[in-house]
2 protein chains.
Amino acid sequence: MHKKSVKAPVNIAVIKYWGKRDKELNLPMNGSLSVTLSISKLYTLTSVACCREFEKDRFWLNGKEEKDLSERMKTCLSLLRSLRYSKESKDSKLERLSEQYLHIVSENNFPTAAGLASSASGYAALIKGIAELYELDQSSEELSCIARQGSGSACRSLMGGFVLWKMGVLKDGSDSFAEQIASKSQWEDLRILIIIVSSSSKKVSSTKGMQATVLTSNLFQYRIKHVDFYIKKMENAIKHKDFESFAQLTMKDSNQFHATCLDTFPPVFYLNDISTSLIQLVHEINRLSKKTIAAYTFDAGPNAVIYFLKENEDLLLGTLHDCLSTVDGWSYKYNDIKLNISNDYFFPIYGKVNKVIITEIGDGTVQTSESLIDSNGYPIYN
Amino acid sequence: MHKKSVKAPVNIAVIKYWGKRDKELNLPMNGSLSVTLSISKLYTLTSVACCREFEKDRFWLNGKEEKDLSERMKTCLSLLRSLRYSKESKDSKLERLSEQYLHIVSENNFPTAAGLASSASGYAALIKGIAELYELDQSSEELSCIARQGSGSACRSLMGGFVLWKMGVLKDGSDSFAEQIASKSQWEDLRILIIIVSSSSKKVSSTKGMQATVLTSNLFQYRIKHVDFYIKKMENAIKHKDFESFAQLTMKDSNQFHATCLDTFPPVFYLNDISTSLIQLVHEINRLSKKTIAAYTFDAGPNAVIYFLKENEDLLLGTLHDCLSTVDGWSYKYNDIKLNISNDYFFPIYGKVNKVIITEIGDGTVQTSESLIDSNGYPIYN
C-alpha cells in the first residue's frame, strides 16, 4: 500500500471570485486574488492511499464515509489518474498506481459549523495528496487547474502567500490557473482575525448565488469589466507593502461583491446586522486611529475576516477584546492599549459572536507524517 | 389677514432619486418616478397666513416653533415672494402680500417616529399653500421647481397618480421639474401597504448618504447611465397596467439603489435584518402565488412599502396578517384566504414590526377649510 498525507491551508480572497463563465470547468467571470492563511491555525488534513486490494474509491470526510463521490471529486480523481497513467506509459518500471482504487480520509481542524468554507482547503489537500502519492511532476500551477475543477477557490489554496487565480480566456480552461504573486516572506507581518458570528438565516450556496448574480444583476456587468483594474492595484499594494491601499481595496471589493448579491434578483443576502455592525466598527476604529489599521472582508456568509499588521495587533485586538472578551479564541488578554470606542458600536455586537480565530499569512500545502489512514488502508479515528 | 390651508400627500418612488448633481438647487443625477399616496391616510396639513402686523416669518412644525428657518425654507419663501411681487408689479390693485411676513403652521398626521420621510409632503404643502395664498398663476410643474429646492422628492408630492421628476440638463435647474405621467384614475386599483419596522441603528441622512454614494460608489456610475431606460420601461408598465413589469422594476430598482449604498465607502446601510426578511417573504409570497402579486420598495430606511392590486388584497393581507396580527394598523381581520407560508419566513419578523399602514394611490395637494391658524394668526393646538 502507498500512502501520503498533506495539510492544505484556507485562503481568503481580497478580490473576490463570483460568477462562473463555465459551470463544468469552474471557469470564473473574473480573476481573483487571495491571501493564504497559516496552517498553524486552520487546515484540512487529507491522507490518501492506494493498493491493489482496494475494491473501489472511498472517501471519509470528518469521520464519516460519503456514500457517493461527487461528480466534481470523480473529475479530479480521473484527471490525476490520467497524469499518473501517462507517466507510467513512459516508464515501465513504475507501479500501475493509476489502475488501483484510492482510499481518501479527510478532516478539517475547524468545525463546519464555524461557517468557514472548507471546500478550498479540502480540494487543495486532496489534489496535492494524490499528486504526491502518484509522484507527479506537474507544478502547483498545473495542479491548480485540477483543484479548480473540484472547487473554484481551491486552486488558490495550493500556494502560500499572495495568490492570483487568473481568469483566463481559453475555452478548455488551461489558462485559468493559480499562481503565487508573492510569498509569505514578502509581507510576514500580515495578520488575520476571523470573527465567527451567529446566524439563523438559511444560506444560499455560493454556487447557486453566483449563478443567479450572473443571470440577473446589472451591476455585476460593471464589476466584471473592472476587476482586472482592482487586481492590478492590489498587486501594486502588495508589492509596496502599502497597507492603506491593500485595506481600502479589500474592503471596497468585499462591499462591491455583496452589492452585486443585493442587486441579484431575487436578492441574495450574506451579510446580516452583525456583519454590518462589524463593518461600521472597523470604520470607526480606522477613523479613531487616524489611519487604516484594519480591513474587513466577507465571503458568502456573515463572518468577518479582518486583515491587520502585527504593529497594530495590540491596539486592534485590545480594542475588539473589550467588546468580545467573553468569546472563545483569544490567546491572551489584550488589555494594555485600546481605542475609546463608543458603546453604540459595540452594543449590536455583544453576545452575537461565537468565536474569534487569530492567525497570520502562511505557506501553501505541506506533506506531513501525520496520517489518517491505518496500515490496512482504513480511517484512524481519534 | 389672509389665510390658506393645504393638505399634501406622501409619495413613494418606484424608480429612486439618489445623488445630486447640484446641492444648492437639489438637481438630481437621474430622473425618478413615484406613486402619490392617498391623503386619506397620510398627509401634511399646512396653514399659511400673511398680515401687515406680523413682525417676522415664523414656522411652527408639529406643535413646536422652529427657532430659525432653514436655508432651504428661506429659499422657497423668497422664490414664492418674487413670483407674487412680479404679479403685484403688473397689477396695482393687488395687495402687497409679498411685503408681508408669513406665519406657517404645519403638522404631519403620522408620527416622525414612524420613519416616513415627511419632508416631501411638508415642502409640497408649504409651496402649494403659499401659492394659493398669493393666488399665483404658476402651474404645478412650475411650482415643483420651487418645492424641489426645499426637498428634492417634494416636487413629486404636488401631483397625484404617477409622477415623473425629470432629471433635466440645464444648469439653472429650470428643466428639472415634476410632471404627472398618469393620474390616479389610470390605475385606481393600486394599493400600498407600509410596514414600519423597529430599528435601533443610527441613520445616515439621505443627503449625506447620497453625497457619499456619488463620491465613492463605482457601481453608482453604472446606475445613473441606465436609470432612463428603467424609467421608460416603468412608464410603459403603468400605461399598460402591467403589474408584473411594474412590480419587477420596482423591486429591482430598490435593490439596485441599496446595492449602491452598500458600494459606497464607507458603506451606508438602510436595510436591516427585518427588511431583508420582508424581502424574502415577498419573494416567497410571489413564488407560492405563481405570479407577482406584491412588490417591495425601501427608501433610505428599513421600512417596507409594498405595492399590490385590489384584486389580491385579501390574499396578500390575509397572508401577512398571519405574521403581523398583533401589530397596529389593520382595518379588519383578513382571515378568509391566505397562502401557506413556512414559519421560517415569519420567524425573523415576529415582534419586530411596529405598525402597518394600508393605503392606496391618491391625488395631489388639496386646499382645505381645516386651518391650523387662528384669527390672530397663531397656531391652533388641538
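A few remarks follow.
- Counted residues, the range A:62-96 - those being touching a strand residue (DSSP E or B) at 6+ places or on another chain (Cβ under 8 Å) and closer than 16 Å to A:Lys128 by Cβ: 2
- Residue identified as outside the structural domain of B:Ala8 (by the TED database), charged (D, E, K, R), in a helix (DSSP H, G or I) and under 23 Å from the mean Cα position of the chain (by Cα) among B:Glu370, B:Glu313: B:Glu313
- Within the range B:292-317, the residues that satisfy the criterion of being in contact with a helix residue (DSSP H, G or I) (Cβ under 6 Å, 6 or more places away or on another chain) and either within 14 Å of another protein chain (Cβ to nearest Cβ) or more than 29 Å from B:Trp18 (Cα to Cα) (or both) are B:Thr292, B:Ala294, B:Ala295, B:Tyr296, B:Thr297, B:Phe298, B:Pro302, B:Ala304.
- Residue pairs whose Cβ atoms lie under 7 Å apart, separated by 6 or more positions or on different chains, with the first residue in the range B:257-269 and without any contact (Cβ under 8 Å) to a residue 60 or more places away in the chain and at the interface with another protein chain (Cβ under 7 Å from one of its Cβ atoms) and the second part of a loop (DSSP other than H, G, I, E, B) and among the acidic types (Asp, Glu), are B:Ala259/A:Asp263.
- Screening the candidates A:Val327, A:Val356, A:Val305 for the property of being closer than 18 Å to B:Pro267 by Cα and not assigned by the TED database to the domain that holds A:Glu179 yields one hit, A:Val305.
- Residue within the range B:277-299 that is over 27 Å from B:Ile238 (Cα atoms), out of contact with any Cys (no Cβ under 7 Å at 6 or more places or on another chain) and either β-branched (Val, Ile, Thr) or surrounded by 16 or more Cβ atoms within 10 Å (Cβ to Cβ) (or both) present: yes
- Output for the range B:8-35, where each listed residue is assigned to a loop (DSSP other than H, G, I, E, B), crowded, with 24+ Cβ neighbours inside 10 Å and in contact with an Asp or Glu (Cβ under 8 Å, 6 or more places away or on another chain): B:Lys16
- Per-region count, the range B:64-78, residues surrounded by 11 or more Cβ atoms within 10 Å (Cβ to Cβ) and part of a loop (DSSP other than H, G, I, E, B): 3
- Matching entry among B:Ser277, B:Ser205, B:Ser289, B:Ser198 (being touching a helix residue (DSSP H, G or I) at 6+ places or on another chain (Cβ under 8 Å) and more than 13 Å from chain A (Cβ to nearest Cβ)): B:Ser289
- Residue within the range B:229-247 that is within 11 Å of chain A (Cβ to nearest Cβ) and surrounded by fewer than 17 Cβ atoms within 10 Å (Cβ to Cβ) present: yes
- Pair list, Cβ < 9 Å and 6+ apart or interchain, from the range A:65-91 residues that are under 17 Å from A:Thr46 (Cα atoms) and assigned by the TED database to the domain that holds A:Glu142 to residues that are in a loop (DSSP other than H, G, I, E, B) and aromatic (Phe, Trp, Tyr): A:Leu80/A:Tyr134
The values are calculated or read from the model by the stated rules, or taken from the named source; none is laboratory data. Predicted model, so just to flag it, every value in this text is computed and none were measured. Here the Cβ is made from the backbone with ideal geometry for all residues, glycine too, and neighbour counts use every protein chain on show.
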